């Protein structure tokens, strides 16, 4: 079993009880998204770093109380025994610690930009809608609260509909545009069904 397969098994086992939408299935989709972007936009990348960065990007996530140091230790313990250079290992750690939306960082390497785009694509489109409501339920958020903004529908405007304009790669941008259009259609229908079409139009313009 090579390093990628071993790390797949490690991450799958570690995320086996994850119920927030940041689970093994999400990780595997990000992995496949990243490979797809590499085929289109990343001919001069370290493919091993991209693969491992995608696999470890949500391990010990900060949303659940882990620190950058926690992730670094977990990643180094998991892949340090394999035949990788220190530069590659540190690059994987850099990706895991810096690709999240909340970090708000401008990334320095093409490998990290590819993984970030791959992760953001999984927050868009049909799967992005499903994950948004899964995460909202995990946090016990309302689906929609007309009197407040701590609800899942507000999350679309606070984060998800901003992702298209934050993509790094041309392949990521093209796919994000298509997926965002699906989300916009969903939101328009959602507000229509609750008789708040004007609110949708106002929110979308903002």
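The values are calculated or read from the model by the stated rules, or taken from the named source; none is laboratory data. Everything numeric here is computed off the predicted structure, so don't read it as measured data. Methodologically, a virtual Cβ is constructed for each residue, glycine included, from the backbone with ideal geometry; neighbour enumeration extends over all protein chains shown.
Is it true that residue 49 is crowded, with 21+ Cβ neighbours inside 10 Å, touching a residue at least 12 places away in the same chain (Cβ under 8 Å) and either touching a helix residue (DSSP H, G or I) at 6+ places or on another chain (Cβ under 6 Å) or closer than 26 Å to residue 85 by Cβ (or both)? So residue 49 fits the description; yes. Close contacts from the range 64-77, counting a first residue that is closer than 13 Å to residue 100 by Cβ and a second that is at pLDDT 90 or above and in a helix (DSSP H, G or I), with Cβ to Cβ under 8 Å and a gap of 6+ residues or different chains, come to 68/97; 71/56; 71/93; 71/96; 71/97. Exactly one residue among 154, 112 is touching a residue at least 24 places away in the same chain (Cβ under 8 Å) and surrounded by 15 or more Cβ atoms within 10 Å (Cβ to Cβ), and that residue is 112.
For the range 170-184, the count of residues that are under 25 Å from residue 51 (Cβ atoms), outside the structural domain of residue 90 (by TED's automatic domain parsing) and either modelled with pLDDT under 95 or in a loop (DSSP other than H, G, I, E, B) (or both) is zero. Would you mind finding the one in 123, 54, 118 that is assigned to a loop (DSSP other than H, G, I, E, B), at pLDDT 95 or above and either within 27 Å of residue 157 (Cα to Cα) or assigned by TED's automatic domain parsing to the domain that holds residue 179 (or both)? Only one candidate passes the filter, namely 123.
Scanning the range 57-80 for residues that are part of a helix (DSSP H, G or I) and either more than 22 Å from residue 25 (Cα to Cα) or in contact with a strand residue (DSSP E or B) (Cβ under 7 Å, 6 or more places away or on another chain) (or both) returns 68, 69, 70, 72, 73, 76, 77. For the range 20-33, filtering for residues that are over 11 Å from the mean Cα position of the chain (by Cα) and within 20 Å of residue 170 (Cα to Cα) leaves 1. Quick check on the range 138-150. Is at least one of its residues part of a helix (DSSP H, G or I), under 17 Å from residue 21 (Cα atoms) and out of contact with any strand residue (DSSP E or B) (no Cβ under 6 Å at 6 or more places or on another chain)? Yes, the range 138-150 has at least one match.
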